[in-house]
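**Student:** One structure, as structure tokens, below. Some questions next.
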Amino acid sequence: MVSKHTDILTALKQAVIKFNEKDCRDIAKMALDHGIDPRTAVDHGLIPGMEKVGMLFDTNEYFVPEVLLSTDAFYAALEILSPHIPKNDMKSRISVVIGSILGDVHDIGKNLVKIMFDIEGWEVHDLGRNVPFEKFVEKHLEVKSDVIAISAMMTTTMMGMKKVVAMAKKENPDCLIMIGGASVTKEIADVFGADGYAASHTEAVSGVLNMIEQYHAFKQNFPCSNRHKLKSPPLPNHKNRLLD
């Protein structure tokens, strides 16, 4: 049975890589029929498939059309699996605005992070790539998101993150901002004034949860502060399931 499960997960990964929507749907159903935990199917089938697609893109073996087709295949399978993944009502109320910074046309990493948020059932507002600084702030204020997540792959575009942080904090000092990408480090995030940092998509969910937990801890310790009230309620300690 273990071997069968492994074969199914491998086939699911390959279906994403080969951007075959029909196979993705059929194999996702097969996974459920064989008793594979839907979260396991996502973590060990779909996600590795998209990671491989990102690698193929980086080496110029895949281009934008292939990436888009693979993403469609991914979501075709996720549509089958998602209803069977238990949702935490508190966590599902989290709202995130996400995008790649102005000048940065690389969004594979950002898309993987968005996928992780989608799996959690969060309200995700994806601004895409090459996003003007003010768009992050405007969208945050429009939808009253809990978090702004910004990605930058290149050092030449990374400095724009600092500007977005400053603009967002000016409009809403309590805005929670997480940044990440190939050019970003924890030290840079601290210098830029960001509230959180994710080294990769596997750390994005826990990064957001940690920011929100710290926010509520701040509220408890400093109840008279003018921090705005997040849409999400206090959360217990969480461990990133992808890293279990």
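The values are calculated or read from the model by the stated rules, or taken from the named source; none is laboratory data. Please read these numbers as outputs of a predicted model, since none were measured by experiment. Don't worry about glycine lacking a Cβ; one is built from the backbone with ideal geometry, like all the others, and counts go over all protein chains shown.
**Student:** Looking only at region 151-165, decide whether some residue is under 29 Å from ARG39 (Cβ atoms), crowded, with 18+ Cβ neighbours inside 10 Å and not assigned by TED's automatic domain parsing to the domain that holds GLU79. Working first, answer last.
**Tutor:** Step one: of region 151-165, the residues under 29 Å from ARG39 (Cβ atoms) are 151, 153.
Checking the rest, the ones that are also crowded, with 18+ Cβ neighbours inside 10 Å come to 151, 153.
Cutting the leftovers down to not assigned by TED's automatic domain parsing to the domain that holds GLU79 gives us 151, 153.
Yes, region 151-165 contains a residue that is under 29 Å from ARG39 (Cβ atoms), crowded, with 18+ Cβ neighbours inside 10 Å and not assigned by TED's automatic domain parsing to the domain that holds GLU79.
**Student:** Can you tell me which residue in region 163-186 is modelled with the highest pLDDT, limited to those that are in a loop (DSSP other than H, G, I, E, B) and of a type in the set (Gly, Ala, Ser)?
**Tutor:** GLY181
**Student:** Here's another thing I want to ask about it. Give the number of residues within region 12-24 that are crowded, with 24+ Cβ neighbours inside 10 Å and either of a type in the set (Ser, Thr, Tyr) or not in a helix (DSSP H, G or I) (or both).
**Tutor:** Matching residues across region 12-24 total 0.
**Student:** Filter region 36-89 down to residues that are over 12 Å from ASN20 (Cα atoms) and acidic (Asp, Glu) and give me whichever is surrounded by the fewest Cβ atoms within 10 Å (Cβ to Cβ).
**Tutor:** That would be ASP89.
**Student:** Shifting gears a bit: Condition first: under 10 Å from the mean Cα position of the chain (by Cα) and assigned to a loop (DSSP other than H, G, I, E, B). Now tell me which residues in region 187-216 satisfy that.
**Tutor:** SER200
**Student:** In region 144-162, what residues are touching a helix residue (DSSP H, G or I) at 6+ places or on another chain (Cβ under 8 Å) and either farther than 12 Å from LEU102 by Cα or free of Cβ contacts under 8 Å to residues at least 60 places away in the same chain (or both)?
**Tutor:** Of everything in region 144-162, those that are touching a helix residue (DSSP H, G or I) at 6+ places or on another chain (Cβ under 8 Å) and either farther than 12 Å from LEU102 by Cα or free of Cβ contacts under 8 Å to residues at least 60 places away in the same chain (or both) turn out to be SER145, ASP146, VAL147, ILE148, ALA149, ILE150, SER151, ALA152, MET153, MET158, GLY160, LYS162.
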